[in-house]
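S.K.: First, the structure itself, so that you have it in front of you.
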Amino acid sequence: MMRNFHKVALTAVAVLTSTPAFAGVLDDVLARGILNCGTDNTAPGFGYLNTTTGAMEGLDVDFCRAVAAAVLGDATKVNYVTVTDKSRFTAVQSGQVDVVFAHTTLKPARESAITVDFLPIMFWDGTGVMVKTASGVESIDDLNGANLCTTQGSATETTIANIITANGWKNQVLTYENLEKLFGALTSGRCDAMFTDKSALAAWRGNSAVPEDLTILPEIVEKSPFAGFVAANDSRWRNALRWISYGVVQAEEWGINSTNTEEKKAAAEPAIRKFLGVEGTTGADLGIPADFMAQVITQVGNYGEIYERNLGPDTIVAIDRKGTLNALWTDGGAIISPLWD
């Protein structure tokens, strides 16, 4: 019996030692030379196809570009794969995309049941409601009996169901594939109240022919912290993307931007020199180039530059960071990076 036990044990060791090392997403991206990034193309400010320029733009798009700049040294090496609220998790689990940045709310069930790993929160939003101004609706309390609508596969479906149950209302709930179709349902009269993230409501209202014809109700139905995500259990890839995300925030805090990166490489602070890859082994330890953050900031910008370009007061979304959770922690907000030294 003892001889058989040793034989089984030795066989198990042989199997373990002959198993090839796991090749993760980072190796795939490096070998491919291009990042497959899942994002929306109907969400102005986040992921949107500009029909005038033919280019993808938005906060989520810029995070795709930041990953490509960090890992491949070139922010243009991105294949944008359109995902919807319904398809985004399957896309990353199936390997169709390497990462998803698509205005996705971080929730525990999505890490436990859907099995994805979230990256740092990069935008704080809240679920809101938009109606036609002519409807006379001034509050969510006025929506009993109305046709309510949102996107398919979104967490907002559950939110609406909870509101109806809690109030004992009688409503029809309609769901649509993406934000463009959802907005079309509201403006055509197929639904009376459009439920989605307040940032998306502001964008679609601001981009409409007559913004005054639409009213965003004052209530925030539910908090919505947005984060990118990757397939679960690939810590090497997740960790690299986590620190790339944190890095754009730290760059803003240190005053490093797209125009002064080279100058900052000569900074007296060792932490800044390590951050920009002048010294230290941070990049090598993560499996990406030493100057990964210098590439990101030079080609894409720090968090403040990314935010202002896509969501700031001079855009159609026009969401001022001041006094909100989307300000840096040093300004009373919730956008923060851990220590880099």
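S.K.: Please name whichever of Gly95, Leu148, Ala75 sits farthest to the positive end of the charge dipole of segment 54-168, dipole taken about the Cα centre and charges placed at Cβ: Lys and Arg +1, Asp and Glu -1.
M.R.: Toward the positive end, the furthest listed residue is Gly95.
S.K.: Tell me what the chain gives for mean residue ellipticity at 222 nm when only DSSP H runs of n ≥ 4 count, each as -39,500 (n - 2.57), the sum divided by the residue total, rounded to 500 deg cm²/dmol. Provide the component values of the computation, followed by the final result.
M.R.: Values: 14 runs with 132 residues, N = 341.
My calculation for the chain gives -11000 deg cm²/dmol from helical runs alone.
S.K.: I would also like to ask the following. Let me check the size of the chain from its C-alpha atoms; what are the radius of gyration and Dmax in Å?
M.R.: 22.8, 85
S.K.: Still on this structure, please answer the following. Ignoring ligands, DNA and RNA, please state the percent of accessible area on the chain from carbon and sulfur, probe 1.4 Å.
M.R.: On the way: 8380 of 15770 Å².
In the chain, the share of accessible area belonging to carbon and sulfur is 53 percent.
S.K.: Where Lys and Arg each count +1 and Asp and Glu each count -1, what net charge lies around Glu308 among other residues with Cβ under 15 Å from its Cβ?
M.R.: Details: positive: Arg309, Arg321, Lys322; negative: Glu57, Asp62, Glu252, Glu305, Asp314, Asp320, Asp331.
Neighbourhood net charge equals -4.
S.K.: Taking the Kirkwood radius as the inverse of the mean 1/r across Cα pairs, report the Rg/Rh of segment 182-341.
M.R.: Working: Rg = 19.4 Å, Rh = 18.1 Å.
When Rh is taken as the Kirkwood radius, the ratio is 1.07.
S.K.: Turning to a different aspect of this structure: Which value, in Å² and to the nearest 10, is the accessible area of Tyr246 when all protein chains are kept and the probe is 1.4 Å?
M.R.: The accessible area comes out at roughly 50 Å².
S.K.: Within the chain, what percent of beta bridges assigned by DSSP are antiparallel, to the nearest 5? Mind dumping the intermediate values first?
M.R.: Numbers: 23 of 38 bridges.
Roughly 60 percent of the DSSP beta bridges within the chain come out antiparallel.
S.K.: Any idea how far the Cα center of segment 211-260 sits from the one of segment 106-160, in Å?
M.R.: 18 Å
S.K.: Report the label-to-label distance for Asp341 and Glu279 in nanometres (one decimal), using points 7 Å from each Cα along the Cα→Cβ vector.
M.R.: 1.2 nm
S.K.: Would you mind listing how long segment 20-119 runs along its three principal axes, going by Cα atoms, in whole Å with the largest first?
M.R.: Taking max minus min along each principal axis of the Cα atoms, segment 20-119 gives 48, 32, 18 Å.
S.K.: According to the square roots a ≥ b ≥ c of the eigenvalues of the Cα gyration tensor, what is the shape class of segment 77-222, taking rounded for a/c under 1.5, prolate for a/b larger than b/c otherwise, and oblate for the remainder? Write down the numbers at each step before the final one.
M.R.: Working: a/c = 2.10, a/b = 1.57, b/c = 1.34.
Since a/c reaches 1.5 and a/b is larger than b/c, the shape of segment 77-222 is classed as prolate.
S.K.: Hey, how many Å between the Cα centroid of segment 302-328 and the Cα centroid of segment 175-202?
M.R.: 23 Å
S.K.: What does the charge count near Gly58 come to, summing +1 for each Lys or Arg and -1 for each Asp or Glu among other residues with Cβ under 10 Å from its Cβ?
M.R.: Values: positive: Arg309; negative: Asp40, Glu57, Asp60, Asp62.
Summing Lys and Arg as +1 and Asp and Glu as -1 gives -3.
The values are calculated or read from the model by the stated rules, or taken from the named source; none is laboratory data. The shown structure was predicted, so the numbers you read here are calculated from the model rather than taken from an experiment. Reconstructed Cβ throughout: ideal geometry from the backbone, glycine too, with neighbour counts over all protein chains shown. With ligands, DNA and RNA removed, areas are computed over all heavy atoms of the protein, side chains included. Shrake-Rupley method; radii C 1.70, N 1.55, O 1.52, S 1.80 Å.
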